[in-house]
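Notes follow once the structure below has been shown.
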Amino acid sequence: MHSSNDKINMAQDGIHRGKIMLQWQNLLNPKRRKDKFGTASQVHSANGRVELERDYDRILFATPTRRMADKTQVFPLERNDSVRNRLTHSHEVSSLARSIGTRLAFEHGESIFDGCDQMMMIRCVPALLSAIGLVHDLGNPPFGHQGEAAIQAWFRKNQQSIFGTESKLAHDFVNFDGNAQTFRLVTKLQVLNDSFGLNLTYATLASMIKYPIDSQHLADTDWKKHGYFASETDIIKDIWQETGLNQDVRHPFTYLMEACDDIAYSVLDSEDIVKKGFASFSDIIDHLDSLREKDPVTNWVTKNAKVKNSEFKAERLSPKELNDVSMQMFRVYAITALVNATINQFIEDKDFILSGEAPPSYDLISSSPARDFCRSMKQFDRAHGYNHKSVLELELKGNNYIHNIMDMLWHGIENMHNGQHPSLFSKYAYQRISENYRRVFEQGDTHMPIAYRKAQLLTDAISGMTDNYLIQVHDELKALYG
C-alpha cells in the first residue's frame, strides 16, 4: 500500500518527466464512436437528456441487462426472491455509484472537476457512475465466477486442438474474463442496426474498462486479469485516443465503480448469507468483535448496530424479525462508513489518480481507513457463504453443465465450418446459438483467424445464457447428442 507522500511524489514525478495529467474534459468525453466522422454529439441531447444519461438508459433497456435476473450473484439457482441475483447486485452497485457521484459533484465539484462547467458536473458525473455500475457485470457467464473458471478450464483442455500454434490468441480464452466479455457485448454484440453495439459514449466505454491490459501482455504486468479481447483492440485504441488514457492507466471513475462493487460484495453478500440462514446478525458481530485490533470504522459500525439491536429487542420481535431488522441496520451503517471512506479517499488521492501513475495494486478502499473492516467482512462472507457446502455443490453442477454444453456447441460450430458435410446434430446445435451472435461471427472480425472466431462464438453463446436457460439447452442437446 502506498502512503500519501508516496502518491504525491509519484504524481509529481510523472509531471517532471513530461507526462500529461489526465483532463476531465477528455475523461467525460460525451461523443460516440458512431459519430466520430460525422456530427459530434454534444453534452446536451435534443430530447432533454445529456449524452451520459442516455448511456444509462441504453444499458437499462438492453436485453442482456434483463437476463442478469437469472444469473448467479453468490447463490446459484436461488428461489428466494429476496436473495440477490446478478441484476439486483448491479442495480445496487449502480445506486451506490450514483450516490457517490452526486456527492462529489454537488459537495466537491469545484475542487475535483477542474475545467468542467456546472452542467457537466451535476448531470454527467452521477449519470456516468450510475451507468458503469449497472453495466459492470453484463458479460458475466452463468453461475458467477465459477462460470468463468469453467470456461477457462474447458479451453485449457482443448487449447492445442483448437488453436494449434496460435498460442498467444488462446490467452483470451484460457484466461476468459467477464469484464472483457462485457466490453465486447456493448461494443459489438448488442447489435441495433450497425456494428457499433449500444454505441455508448467514449466516457462510459473508457470508465468501464476495469483492467486496461490485453491477455497477450497480462503475464508481464501486475494486473490480475485482462480487460478486453484481441478482437476489440482497435476500439480500445480509439477510446484511449479520445479520452487521454492508455495501457495500464485506468479512468478515475473505474476506481469508484470498483469500490462500489467491493462494498456490495462485502456487505450485501453478508446480508444474503443471513437471509439464507447460513449465519446470523450475532455471528457477524461476534466475528468483528473477535478481531485483535479493531479499527475505528469497525468500532463505529458495530457500536451503532448493537445499539439498534438493543432497541429492537425491546420491541418484542420474533427471533427471525429481530435478526432481519438488525441485519438491515448493520447494512445501513456499514454502507455509510464504506461510502464515506471511498469519497474521502478519492478526494485525497485525486492528483495521484489523475497522474496516471497508480499501480495495478491500488484501490480506494484498501488505501482508506475502511480497509480492515472491508477485509474482515469478505473473510466472513467467504467462510459462511462462498465456501458453504450447498454453494459448492451447485457450483460443481454448474461447472459440469458448462463443460458439457461447450462440448456439444463446439461440435456444432466446428462441423458447420470445417468444409465438410455437417451432421444433423451439428446443424441443430449451431441453430441453438443466438442468431445475432451467429451473424456477428459470419459477417465480422474477418481479420481474426477462423479458430479464434469460432472460439469467440462459443464464449459469446455461453456468456449470453442465463443459469436456467443453459441447463435447459444442455438437457435438450444431451438428449440428441450421439
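Using the Cα gyration tensor of the range 19-158, with a ≥ b ≥ c the square roots of its eigenvalues, what is the shape: rounded (a/c below 1.5), prolate (a/b larger than b/c) or oblate (neither)? List each step's numbers first, then the result.
Working: a/c = 2.10, a/b = 1.79, b/c = 1.17.
It is prolate, given that a/c is not under 1.5 and a/b is the larger ratio.
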(message) Using a 1.4 Å probe on the protein heavy atoms, what percent of the accessible area of the range 141-282 belongs to carbon and sulfur?
(response) 44
(request) For the range 252-386, restrict the atom set to alpha-carbon positions and state the Rg and Dmax in Å. (result) 16.0, 56
(request) Could you name the aspartates and glutamates whose alpha carbon sits less than 12 Å from that of Lys350, not counting residues in the same chain fewer than 8 places away? (result) Asp114
(request) Please label the shape of the chain as rounded, prolate or oblate, based on the square roots a ≥ b ≥ c of the eigenvalues of the alpha-carbon gyration tensor (a/c under 1.5 means rounded; beyond that, a/b larger than b/c means prolate, else oblate). (result) oblate
(message) Here is the link list: Lys31/Lys237; Lys294/Lys389; Lys188/Lys225; Lys34/Lys454. Which ones come out longer than 24 Å on Cα distance?
(response) Lys294/Lys389; Lys34/Lys454
(request) Name the residue farthest towards the positive end of the dipole of the chain from the options Thr459, Ile213, Ala358, assuming +1 on Cβ of Lys and Arg, -1 on Cβ of Asp and Glu, about the Cα centre. (result) Thr459
(request) At 0.36 nm per residue, minus the direct Cα-Cα distance, what do Ala451 and Arg439 gain on full extension? Give it in nm, one decimal, please. (result) 2.7 nm
(message) What FRET efficiency comes out for Asp114 versus Asp407 if R0 is 41 angstrom and r is the Cβ-Cβ distance? Round to the nearest 0.05.
(response) 0.15
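List the DSSP H helices in the chain whose Cα atoms stretch 24 Å or more along the helix axis and whose mean Kyte-Doolittle hydropathy is at least -0.5.
86-112, 319-348, 389-416
The values are calculated or read from the model by the stated rules, or taken from the named source; none is laboratory data. On a predicted model such as this, the values are computed, not experimentally measured, just so you know. Counting neighbours? That spans all protein chains shown, and the Cβs are built from the backbone with ideal geometry, glycine included. For the accessible areas, the whole protein counts, side chains as well, though only heavy atoms, and no ligand, DNA or RNA atoms are used. Shrake-Rupley method; radii C 1.70, N 1.55, O 1.52, S 1.80 Å.
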